[in-house]
Amino acid sequence: MQLNNMIRTLMGGGGGNGGGGGIAVSAERLEDAAPSWEALAAKLDTASTDDERAFRQDLESGRAARACSLASQRLFDLPDGEAPRLTLFRDTAAWCPYCEKVWLVLEEKRVPYEVKKVNMNCYGDKPAWFWAIQPSGGIPVAKLDGQVIRESNDIIMAVEEAFPDRNAAGTPTRLGDPRVRPLLSLERELFSAWFRWLTSSASEGAQRANFEALLRRVDGELAASGGPYFLGADLSLVDCMFAPFLERMAASLPYYKALTLRRNDGWPRIEQWRPSYRHVQSDFYTHIGRCQSVPEAEEFAAEIDGSDGSWSLPLPEDDGSLLQPLQGLGAGADAARREAAERLLHNHEAIGRFAARGLSAPGVPPASQPLCSPPRPLFTAGRGDEQAFRPWRRSCPTRTPRPPRRRCRSWMRCCGTQRTPCSTARATRARRRSRPTRCLAASSHAPLPRASATCATASRCRET
Ligand SMILES: N[C@@H](CCC(=O)N[C@@H](CS)C(=O)NCC(=O)O)C(=O)O
C-alpha cells in the first residue's frame, strides 16, 4: 500500500517530476491486490505463540530473557524506576565487532545498560549529537556515570572496575591474572594476520601459513588453560575479546580462502570453545569490504551461497554439516517465517521507502555498502537548496543530516581523534578546495554526479 501510494505520488499526483531520471512506470499497470498491512498483522497475530506476541513488549521493557540487537535497554535486575549507569553507543545494524565485545561483556556480567545506535560510515551518516561526543566518529563509545569512554578495551576495563562483582557465572574479576595481557596481544596478532590476508592476494601461501600458525598458538593457549575457556573453567574478558573476531574469521575464511575453522582437527579446542559464549551472536553475514578470494574457495563460496544447489529455501535444519551454522531455527521453519514476518511488518514503512530508492539517482555521498546507497531526494531541487532536502532526509531510513563540519576520513587516518586538523589533513583540504568538483566525503547535501566518476580522493576517503 505504502509503496503503491509512493509510486502513484511519484508518477503523477505529487508535484515534481520524480527526480533524477526515474524509471518510467505506468500507474495503471500496478494492480494493488496485496492484503493491507493491518490484515497481515492480524494474520500473524493469530498464528503467533504467546512468547512471539510478547516480543516487542519484552524488548521495550528491557527485561527480555535473551539479548537482542534490537534492544534499546537491558535492565536485568535493576529495580523499576532506576536508570542504568551505562549507555552504550553502537552501530545500528550490529555489525561492529568492537561493539559486540562490549555488548558481550555487558550481557555476560548482566550490567544494566541503555543503547543508542548510530550508523556505520559504510551505510549512513552519524547524527550531530554523536560527533559532539566522539569527534573521530568511531564506535563503540560508552557513557558510564556521565564519563565518556571511547575505546572498546577502555570501556570493558571501566565496566570491570565499576561492576567487579557482577558476573553471571559468578567468576571473580580476572584483570589481575598475568595471562590476560599476553592473550589480548595474541588476539590482536591473530586479528591483524586474518585481516591482512583476507583483504590482499599478495604472498597467499605465507599469509596463510602465518595465520594457521597463530591459530595453533591460540589453540595451544586453550589447551594450556585446561579449557574450555581461555582462563580455565569460566568465561572471562579474554573470551569476550576473542569471540567477535573468531566468529568473523570462521565466517569469512571458508568463503574467501577455503579454510574452515569449524570441525578442523588442526585446532580442536577452538571448535570446543566457539559455541561456549551464550548471550550474543553477531550477524554471521557481516560484510567486510574488499576481501580477496583464492580460486580454491569458489567451491566453498558456492556451497555457502547455495548456488551449487546445496541448499534452497526454506532453509534446511542444521544437522551440523552446514559450512555456516543456522541459528535460531531450533523452533522450526514456521517460527522462522513468523519472525521474518514480524520484522517486515514492524519496519514496513522504512522498507517501502528503501525499496523505492531505485526511482531516484544515487545519494550524495553514496554509501559504500551494497544495496545501501541512499537515493537523493525524490523531488529534486536546485543545487544547494537545503530546504528541499529536509523532508526526505527526515524520513529516509539510512540518512540523517550531516553535522556542519564533517571531516574527511584522511583526517581520521592520520590524526586519530585529534580535534584540530594536522598538516596532512590541512593539505588534503587545501587540495580539495582547489579541485573543480568537491570531495564528496567532505560534506554536501547538494546533488552531484556519482563520486567515483568525479573525485578520486572522495572514494578513497569513503572506503577507509
Ligand atoms: N580502537 C577502536 C576500534 C573500533 C573500530 O575500528 N570501530 C569501527 C567499526 S568496527 C569504526 O568506528 N568505524 C567507523 C564507522 O564505521 O562508522 C576500539 O577498539 O574501540
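The values are calculated or read from the model by the stated rules, or taken from the named source; none is laboratory data. None of these values were measured; they are calculated from a predicted model. All Cβ positions, glycine included, derive from the backbone under ideal geometry; neighbour counts span all protein chains shown.
Here are the numbers for this structure:
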{"item": "Cross-chain or 6+ apart pairs with Cβ under 6 Å, the range 292-313 first and over 8 Å from Tyr255 (Cα atoms) and at pLDDT 85 or above, then among the acidic types (Asp, Glu) and assigned to a loop (DSSP other than H, G, I, E, B)", "result": "Ala302/Asp308"}
{"item": "Within the range 88-138, considering residues that are in a loop (DSSP other than H, G, I, E, B) and of a type in the set (Lys, Arg), the one nearest to the chain's Cα centre (by Cα)", "result": "Lys126"}
{"item": "Some residue of the range 141-156 being within 13 Å of the ligand (Cβ to nearest atom), assigned to a helix (DSSP H, G or I) and of a type in the set (S, T, N, Q)", "result": "yes"}
{"item": "Subset tally (residues that are under 29 Å from Leu235 (Cβ atoms), charged (D, E, K, R) and near the ligand (Cβ under 9 Å from one of its atoms)) for the range 101-140", "result": "1"}
{"item": "For Glu189: the one exception among (1) among the acidic types (Asp, Glu); (2) away from the ligand (no atom under 16 Å from the Cβ); (3) over 25 Å from Val115 (Cβ atoms)", "result": "(2)"}
{"item": "Given (1) closer than 23 Å to Ser236 by Cβ; (2) among the polar types (S, T, N, Q); (3) without any contact (Cβ under 8 Å) to a residue 24 or more places away in the chain, number of the condition Ser152 does not satisfy", "result": "(3)"}
{"item": "Residue in the range 61-80 that is away from the ligand (no atom under 16 Å from the Cβ), over 15 Å from the mean Cα position of the chain (by Cα), surrounded by fewer than 17 Cβ atoms within 10 Å (Cβ to Cβ) and among the polar types (S, T, N, Q) present", "result": "yes"}
